[in-house]
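Just below is one structure, and these are the notes that go with it.
The values are calculated or read from the model by the stated rules, or taken from the named source; none is laboratory data. Source: prediction; values computed, not measured. Reconstructed Cβ throughout: ideal geometry from the backbone, glycine too, with neighbour counts over all protein chains shown. Quick note on the areas: whole protein, heavy atoms, side chains included, nothing else; ligands and nucleic acids left out. Shrake-Rupley method; radii C 1.70, N 1.55, O 1.52, S 1.80 Å.
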Amino acid sequence: MERVNLSSSSSISRIIYGMWRLADDINTSSKHISDKVNLCLGQGITSFDQAAVYGLYSAEALFGEVLKANPSLRHKIEIVSKCCIVNPSDRYAGVSVSHYDTSREHIFNSVDSSLKNMATDYLDLLLIHRQDPFLDHHETGKALDDLIKSGKVKEVGVSNFKPWDFNLLQSSMKSHLVTNQIEMSLAATDSFTNGDLAFHQERATTIMAWSPLGGGKLMKDKGILGKALKKIAVNQNVDIAAVAVAWLLAHPARICPVMGTNNLNRIAKISDAMNVKMDRESWFELYTASFNDGKLQWRLP
Ligand SMILES: NC(=O)c1ccc[n+]([C@@H]2O[C@H](COP(=O)([O-])OP(=O)(O)OC[C@H]3O[C@@H](n4cnc5c(N)ncnc54)[C@H](OP(=O)(O)O)[C@@H]3O)[C@@H](O)[C@H]2O)c1
């Protein structure tokens, strides 16, 4: 598995395994989660994407059980987690309105909780989960810098940020925001033309693509796109999912897809995408099929 450098001292696997759906699986036993992790490691997928809010604040602890049972695992993997979504829940008793909290106090408390949940003393990467319309970039930027200084977090980044929000937060920081995790797939192609991807290509910031299969939607497509995916999948003897992920991997921006399947057989085949050949014509065949008319046209942002 290829590696992608986030900085001169840290890297992630090109494909990341995401744990948003971990708590929704019918089997949430440590054994089952450990099987998922081992299947990933067997393919060189060493980076695991978490968030404080996943599973309504339960997913990190589920993963933590696996880490507690096997402490040597921690040094073989990179843990990404996110903070700042506050939903009414047992964790936030008394909160009645869902909101974002990018205050210093919240960020530090959230990271401490993530570290405890996952039985570790550092996160490889912390992301601000979503752009906060109430952001005090001076406070948040300083908090992120101080977290790095404290050693609790090795790198910081953002998720779902527009370029101007990325610039605003970065403007108040000494350390670099090393990634933006955004939605990208054949079911969500806007960022290819609306400036989001171009912004990060110019700055050589690593882009992570969440829901690379459109949350499973692409697998159910019976139209032009479904047929085009199937044709390439049959020709190359792989699953449709591998072709959809290869479409992201082929892009010159070196996009890092974050996969979310809970199915062990599917996890075992995630890295098939790395071997799919995707030339320019095939890329455009899928891209234009995603507009549902199969025709190349000028796409206005
Ligand atoms: N930063 C953000 O705001 C944000 C938002 C959303 C997600 N994420 C991250 O991105 C990760 C992936 O998101 P996602 O789960 O929506 O990604 P995805 O890989 O696009 O979708 C996974 C879903 O597709 C289903 N699926 C159906 N057929 C499949 C097939 N042949 N192969 C694989 N999956 C198939 C899976 O079901 P089975 O489980 O039955 O296979 C699962 O429900 C999350 O875990 C999270 O880490 C981040």
From the list Leu168, Leu144, Leu197, pick out the single residue that is within 17 Å of the chain's Cα centre (by Cα), in contact (Cβ under 8 Å) with a residue 24 or more places away in the chain and in a helix (DSSP H, G or I).
Leu197
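For residues in region 78-98 being aliphatic (A, V, I, L, M) and touching a strand residue (DSSP E or B) at 6+ places or on another chain (Cβ under 7 Å), which is surrounded by the fewest Cβ atoms within 10 Å (Cβ to Cβ)?
Restricting to residues being aliphatic (A, V, I, L, M) and touching a strand residue (DSSP E or B) at 6+ places or on another chain (Cβ under 7 Å), the top hit is Val95.
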Checked region 99-151 for anything open to solvent by 40 Å² or more (accessible area, probe 1.4 Å), hydroxyl-bearing (Ser, Thr, Tyr) and farther than 20 Å from Asp49 by Cβ; matches are Ser150
Positions within region 1-27 being away from the ligand (no atom under 13 Å from the Cβ) and out of contact with any Ser or Thr (no Cβ under 7 Å at 6 or more places or on another chain), in sequence order
Glu2, Ser7, Ser8, Ser9, Ser10, Ser11, Arg14
Is region 201-218 home to any residue that is open to solvent by 50 Å² or more (accessible area, probe 1.4 Å), within 15 Å of the ligand (Cβ to nearest atom) and in a helix (DSSP H, G or I)?
yes
I'd like the residue in region 255-277 that is of a type in the set (A, V, I, L, M, F, W, C) and either more than 19 Å from Glu2 (Cβ to Cβ) or open to solvent by 30 Å² or more (accessible area, probe 1.4 Å) (or both) and, out of all such residues, is farthest from the ligand (Cβ to nearest atom).
Met274
Of the conditions (1) over 24 Å from Phe48 (Cα atoms); (2) open to solvent by 30 Å² or more (accessible area, probe 1.4 Å); (3) touching a helix residue (DSSP H, G or I) at 6+ places or on another chain (Cβ under 6 Å), the single one that Leu229 does not satisfy is (2)
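Out of curiosity, is His75 open to solvent by 20 Å² or more (accessible area, probe 1.4 Å) and within 16 Å of the ligand (Cβ to nearest atom)?
Spelling it out, it is not the case that His75 is open to solvent by 20 Å² or more (accessible area, probe 1.4 Å) and within 16 Å of the ligand (Cβ to nearest atom).
Which one is least open to solvent (accessible area, probe 1.4 Å) among residues in region 21-55 that are of a type outside the set (A, V, I, L, M) and touching a Gly at 6+ places or on another chain (Cβ under 6 Å)?
Per the criteria, the residue is Asp49.
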